[in-house]
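The values are calculated or read from the model by the stated rules, or taken from the named source; none is laboratory data. Predicted model only: the values in this text are computed from it and were never measured. Positions of Cβ are generated from backbone atoms using ideal geometry, with glycine treated the same way; all protein chains shown enter the neighbour counts. Calculation scope for accessible area: heavy atoms of the full protein, side chains included, ligands and nucleic acids excluded. Shrake-Rupley method; radii C 1.70, N 1.55, O 1.52, S 1.80 Å.
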Amino acid sequence: MNQVEVLAHPNVALIKYWGKRDETEKIPASPSLSITLGGLETRTSVSKSGDDTIFIDGQSVSDQKISQWLDRLRREYDIPQLMIESSNNFPKNCGFASSSSGFAALAVAIDELCGLNLDFASLARITRLGSASAVRSLLSGYVAMNPDDQRCVPVQIVPPDYWNLRVVAAVTSTEPKLTSSTGGMAQTVATSPFYQNWVVQTEDDFERCSEAIQNRDFNTLAELSEANCYRMHALMMTTLPPLRYWRAGTMSAIDTIERLRHDGVPVFFTSDAGPQIKAICEPEAIATVKDALDDTDGVLFTLESDIGNAPTISAR
Ligand code: 2P0
């Protein structure tokens, strides 16, 4: 086989992971729960080559995270030098979780190209060694990752068509973030006085959120997801030096979503390690939510998504 191309989707966590219990194996300290974003895509093609060469969105890059990951995998698996070409239909490195779709696509492509024949747990492990949140992008729909459950092999809670929620992502900046997630969460574990509380509370949020999804209980899901998101950002701000990923446009987008919900529109928000806001809504509300966010000061543009699928091998 000469070349493999994989299409994968990023995911957004409704119950978030921030902090590892094992840095070497990249095991999160707490469980997390996400939705896979079908409208956002990463396409990655991998072929054997004389040297490792990485192109992202058409630019030749030296990506330490990918290079160090390949070095680590080569200690355990027979993986040749590779030409990697990856492109996203959304902005990268600014809190959009491009590493989740990126590492999920790469892991699936390398397994296929190199004939590793990994079982799902081993595929999840090599994906996790790239980026822990990427493990959740290996499955479609509503996905759980629990460090106490077979060391983070992801589990689908329900498939995409069980609950047809929609997502509007509001982009407020495409500047690369100043602090990476990996570095930022290690700082949090070392310095935030609230870290242990966060871990305990998140375990509870995770159980209640899984139940809300199974019951298609929008109001409970909205309440739990926003509370968990606020707690993660509060935790980040109590880190030394403080991590503050939100900007003025982020706050304006949150104001818009609060106002919509006050007016009876079924929508809530979440936000990761960056200034973007993702609004999650019932399908009938999508046009209202998109129009309101497009009209919000500080929102550069919006992207729409449904609940998406697992990675697919799209070319050989
Ligand atoms: C999450 N994030 O659960 C949380 C919410 C960002 C905020 O997992 O060190 O890129 O490679 O595991 O997975 C982002 O962290 O970091 C992340 P590593 P990753 O989606």
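Accessible surface for the range 144-187, divided over its residues, is 46 Å² per residue with a 1.4 Å probe. Surface composition of the chain: carbon plus sulfur atoms hold 47% of the accessible area, using a 1.4 angstrom probe and ignoring ligands, DNA and RNA. Per residue, the accessible area of the range 226-316 comes to 44 Å², computed with a 1.4 Å probe over protein heavy atoms only. In this structure Phe120 has an accessible area near 80 Å², from a 1.4 Å probe over the protein heavy atoms. Taking label points 7 Å from Cα along the Cα-to-Cβ direction, Val158 and Arg216 give a separation of 0.7 nm.
The length gained by stretching the chain between Glu284 and Thr312 to full extension, at 0.36 nm per residue less their Cα-Cα distance, is 7.2 nm. Here the range 141-242 is described by how far its Cα atoms reach on the three principal axes: 42, 34, 25 Å, from widest to narrowest. When all alpha carbon pairs of the chain are counted in 20 Å bins from zero, the resulting P(r) reads 34, 59, 7 %. Rg and Dmax, both from the Cα atoms of the range 216-263 and both in Å, are 12.9, 39. Number of Lys-Lys pairs in the chain with C-alpha atoms under 30 Å apart and a separation of 8 or more places or on different chains: 26.
Across q = 0.12, 0.17, 0.21, 0.23 Å⁻¹, the range 53-170 modelled as identical point scatterers on its alpha-carbon atoms has Debye log10 I(q)/I(0) values of -0.47, -0.93, -1.29, -1.43, in the order of the q list.
The translational diffusion coefficient of the range 1-56, from Stokes-Einstein at 25 °C and 0.890 mPa s with a Kirkwood hydrodynamic radius over alpha carbon pairs, comes to 172 µm²/s.
Considering only Asp148, Asp22, Asp57, give the residue with the highest GNM mean-square fluctuation for the chain, with springs between Cα atoms whenever their separation is below 10 Å. Sorting by GNM fluctuation, first place goes to Asp22.
If every alpha-carbon in the range 228-287 counts as one equal scatterer, what log10 I(q)/I(0) does Debye give at q = 0.26, 0.30 1/Å? The calculated log intensity ratios at q = 0.26, 0.30 Å⁻¹ are -1.08, -1.25. Our summary gives the range 204-310 a relative contact order of 21 percent, counting only alpha carbon pairs under 8 angstrom and 6 or more residues apart.
Highest GNM mean-square fluctuation among Pro160, Pro31, Pro241, for the chain modelled with Cα contacts below 10 Å: Pro241. The calculated P(r) of the range 95-162, using every Cα pair and 5 Å bins from 0, goes 4, 19, 27, 25, 17, 8, 1, 0 in percent. Charges were assigned to the Cβ only: +1 to each Lys and Arg, -1 to each Asp and Glu. The resulting dipole of the chain about its Cα centre is roughly 680 debye. How many angstrom lie between the Cα centre of the range 282-299 and the Cα centre of the range 149-224? A separation of 22 Å, based on Cα centres.
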